[in-house]
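> For reference, the structure I am asking about is given below.
The values are calculated or read from the model by the stated rules, or taken from the named source; none is laboratory data. Treat the numbers as computed from the prediction; the structure is a model and nothing was measured. Counting neighbours? That spans all protein chains shown, and the Cβs are built from the backbone with ideal geometry, glycine included. Keep in mind that these areas ignore ligands, DNA and RNA; they rest on the heavy atoms of the full protein, side chains included. Shrake-Rupley method; radii C 1.70, N 1.55, O 1.52, S 1.80 Å.
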Amino acid sequence: MTSGDRAAEPGAPEPIPASAPPVFADPLDGAAGRPPLDADGIVVDEVARSFGSVQAVRQMTFHARPGRVTALIGPNGAGKTTLLLMLASLLAPDAGQIRIAGADPMRDPRAVRRAMGWMPDVLGTWRTLSPRQILTTVGRLHGMPTAAARARADELIVQARLEELARRPSRVLSRGQQQRLGLARALVHRPRVLLLDEPAAGLDPTSRLELRELLRGFAAAGGTVLISSHDLSELDEIAEDAVFVDRGEVVGGERLVLARQAAREWRIRALDPQALSYQLAHIGVAFDRVRIDGDVAHVALDREEDAADVLARLVRAGVPITHFAPAVGDIERTYLSLAGGRR
Amino acid sequence: MSRTDTAPMADEASRPAPPDASGALGWLRLLGVVVGLELAQRVRSVAWYVLLGVVAIVVGGVITVLFLSLQGYQRDLGGAIFAMTIFLVMLVTSLVTPALSGNAINGDRDGGTLASTQVTQVTASQLVLGKVLGSWIASLGFLAVCTPFMLASAMLGGLRWEAVLVAIPIVVLEIGVISAIGVGLSGLIRRPVLSTVVSYLFVALFSVGTLIGFGVATIAFQTEEERQEISWDYDEQTGNATCVETDRTYTTVVARPDRVWWMLAANPYVILADAIPPHFGGDSYPDDVFGQIGLGVRGLQEPPHVESCADYDPMGGYQGDSPREIYERTVPSWFVGLGIHVALAAAAVWGAIAAVRAPARRLAPGSRIA
């Protein structure tokens, strides 16, 4: 899809640029405080859930706002899947409150299910049924009349590029095609909130791009997206907000601040590598901060201001710079510093 | 991929109207979707067709052999052939249905498809009842493939229509009971293999367990009784023997099936035989298999008979009660047995509905929900 396509759509909102740095949910941030329960989007307030003696979710509080894509990030076993199951109205929390588009999954699960589309990580499909039958059935299970469910299924099959396989049993679908079918299934009833667990796994580059466009469009039209993934560079592209979870809790406060202040590597490339390494030493960058890797220099810098300063000095010194960019994205950097802080 | 396709609130009017949850029609419509989903999966599985074929061949083979070997008898074979067919269908469906229903819910859990239905507007009861109905309808296929043999027996003559009208609904209901128990257990037990085995154990409990229980209990409840001896005075002049009740007594061990006969009431074959109104022949003896089994089971309700001179006519001939009299003074039990079956099936379904309800508070150990 090109931007020209988008412009041709009258009334379509402009996607929110992905380059905006993600905003990290911080439960200790005084201004934000505890999210109001009547807020739209996804509200999670002091939610806890244990399985026997295992505390899968100790205490999570955050607010995924409508109109934005929120990333849910954390190491394996951090409680992400348990949280998503609670948000999907399948699992009851032991304590705390959840609101999906204003509805309480404990009190009114049907309202939550009407508003929410869910794409689990391991997708079960009715293997003998065709994608078209699956989508039609899901639509009807959501209460759509048969004709409307069929029309919606045909629409989504085109969107998921499954036309050629629409009438074959779904067991012949590849992993990536299954993922596309799973996303289509989550969208059948036009939900306002999307819960996605590793949606990009197994997708080819084209499909990833389409997924990104789709999620941005969804958010731009006022929808709420919560996306759990380990593909941090992918999240950096899509997500505007991020929630870090670790050992059943939302990471916030000092740990998050420290993690974000941690030094970050910048990747610098120049037409003349020798001049680059010489000038880096010459303009006063400490030698233990520089790592030369072939033609590329990696420089660890604490702040963005430092990066701007280094770039200005290199240009002033006449180094022909061709590339000057963070080696890792914001989300990845924060995640890695947090993970590093645990050890 | 066009933007409006995915826009969550692009056009409120085009969004599906919230389904009418309270309306019975809407409720049934969603139930129908679940049944349709179950059936759509089954008609695409090869196993189901193979089983149908096997059942048709087995039942057809037995009936044909039976027909050929009974042809020498000069009587109407229709009733006997029909009874055979019905009992065979009952046997075969009770052996196949648990395999079709015993993993309905936990199999879906393992496949990850249960959660996809749970996050829709379908309620737990619609989901479980839909699976019961789907499995029931699929198992009725086994009754359907045996219809030709029943039609053939009708053409042979001697078939009583009241037997058909009672037998078919009872077989249909029994298949439903087994389907419901299988689906219910698959919701209550986490592992598909275990729930299927337990469903089979329930079938065995009804069909064989009731017989074993009855046999064992009959022996356990036997009593020692003191009986008066009777003797025969033979008059040499007239050649007549006269029955005389003597003062001598003897002790004997008496089996007491009359105390435990109710155990047989839960046996599906007994239910079938007991429910069909018998037809007594000229010798006041039932003239079809259903009636003969029914009489045998009814006779067990009678307390042990104490022999006395009243049993004999002056000529020394036995003049006890006729089978017809015994049948008519004992009580029918088939609806009690059927009631027990339906109650067990309802309990299993109710338990499964509670287990499928989401959001779930409690999970069975080691279970996955998505």
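> Given springs between every Cα pair under 10 Å in a Gaussian network model of chain A, which of A:Thr125, A:Thr322, A:Thr81 has the largest fluctuation?
Answer for the Gaussian network model of chain A: A:Thr322.
> If amide hydrogens are placed 1.01 Å from N in the peptide plane, which non-local residues have theirs closer than 5 Å to the one on B:Ala241?
B:Asp235
> Rounding to the nearest 10 and keeping the result within 0 to 90°, find how far the Cα-based axis of helix B:24-42 lies from the longest principal axis of chain B.
80 degrees
> Another one. Name the long-range amide H neighbours of A:Val250: under 5 Å, sequence gap of 5 or more, or other chain; modelled H, no Pro or chain starts.
Sorted by chain and number, the residues that satisfy this are A:Gln59, A:Thr61.
> List the residues, sorted by chain then number, that are 5 or more residues from A:His142 or on another chain and whose placed amide H is less than 5 Å from its amide H.
Under 5 Å from the amide H of A:His142 lie the amide H atoms of B:Gln121, each far enough along the sequence or on another chain.
> Something else about it: What ranking do B:253-260, A:180-187, A:290-297 get when scored by the average of other Cβ atoms within 10 Å per residue, highest first? Don't jump to the answer; show the numbers that get you there.
Details: B:253-260: 16.0, A:180-187: 24.8, A:290-297: 13.8.
Most protected by this proxy first, the peptides run A:180-187, B:253-260, A:290-297.
> Residue by residue through the stretch B:60-66, which ³J(HN,Hα) values in whole Hz follow from phi under the Karplus form 6.51 cos²θ - 1.76 cosθ + 1.60 (θ = phi - 60°), with glycine and proline marked x?
Couplings: x, x, 4, 5, 5, 4, 4 Hz.
> Once you put a point 7 Å from the Cα of B:Thr223 and another 7 Å from the Cα of A:Arg34, both along the Cβ direction, what distance in nm separates them?
Here the modelled spin labels are 7.2 nm apart.
> Would you kindly find the accessible area of A:His189, with a 1.4 Å probe and non-protein molecules such as ligands, DNA and RNA excluded, rounding to the nearest 10 Å²?
Using a 1.4 Å probe on the heavy atoms, I get roughly 10 Å².
> Let me have the 222 nm mean residue ellipticity of chain B computed from DSSP H runs of 4+ only, each contributing -39500 (n - 2.57), with the sum over all residues rounded to the nearest 500.
On the way: 16 runs with 222 residues, N = 370.
The helix contribution divided over chain B gives -19500 deg cm²/dmol.
> Sorting check: for A:191-198, A:95-102, which peptide has the highest mean count of neighbouring beta carbons within 10 Å, and how do the rest follow? It would help to have the intermediate numbers written out before the result.
Details: A:191-198: 23.9, A:95-102: 19.6.
Listed from highest to lowest mean packing, they are A:191-198, A:95-102.
> Continuing with this model, one more query. Lys and Arg at +1, Asp and Glu at -1: add these up for the other residues within a Cβ distance under 11 Å of B:Thr218 and post the number.
Values: positive: B:Arg256, B:Arg259; negative: B:Asp258.
The answer is +1.
> Another question about this same structure. With axes computed from alpha carbons, what is the tilt in degrees of helix A:273-282 against the longest principal axis of chain A, rounded to the nearest 10 within 0 to 90?
70 degrees
> To the nearest 10 degrees, how steeply does helix B:289-299 sit against the main Cα axis of chain B, on a 0 to 90 scale?
Roughly 70 degrees between the two axes.
> Moving on. If you take the beta carbon distance between B:Val216 and B:Arg324 as r and set R0 to 45 Å, what does 1/(1 + (r/R0)^6) give as a FRET efficiency, to the nearest 0.05? Numbers along the way, then the final one.
Working: r = 31 Å, r/R0 = 0.69.
Calculated transfer efficiency: 0.90.
> Any chance you could look up the accessible area of A:Met106 with a 1.4 Å probe, heavy atoms only, rounded to 10 Å²?
70 Å²
> Do the sum for chain A: with -39,500 (n - 2.57) for every DSSP H run of n ≥ 4, divided by all residues, what is the mean residue ellipticity at 222 nm, to the nearest 500 deg cm²/dmol?
On the way: 12 runs with 127 residues, N = 343.
For chain A, the value works out to -11000 deg cm²/dmol.
> From the gyration tensor of the Cα coordinates in the stretch A:263-342, what semi-axes in whole Å does the equivalent ellipsoid have, largest first, with each one equal to sqrt(5λ)?
23, 12, 11
> Also: Can you compute the charge dipole magnitude of the stretch B:217-329 about its Cα centre, using +1 on each Lys and Arg Cβ and -1 on each Asp and Glu Cβ, nothing else charged? Give it in debye, rounded to the nearest 20. Each step should come with its number before you reach the end.
Numbers: 7 positive and 21 negative charges, 135 e Å.
Using only the charged Cβ atoms, the result is roughly 640 debye.
> Please list 3J(HN,Hα) in residue order for the stretch A:287-304, calculated via the Karplus relation 6.51 cos²θ - 1.76 cosθ + 1.60 where θ = phi - 60°; whole Hz, with x for glycine and proline.
5, 6, 8, 10, 9, 9, 10, x, 8, 9, 9, 10, 10, 8, 10, 7, 9, 4
> A:Leu209 accessible area, nearest 10 Å², 1.4 Å probe?
The value for A:Leu209 is about 80 Å².
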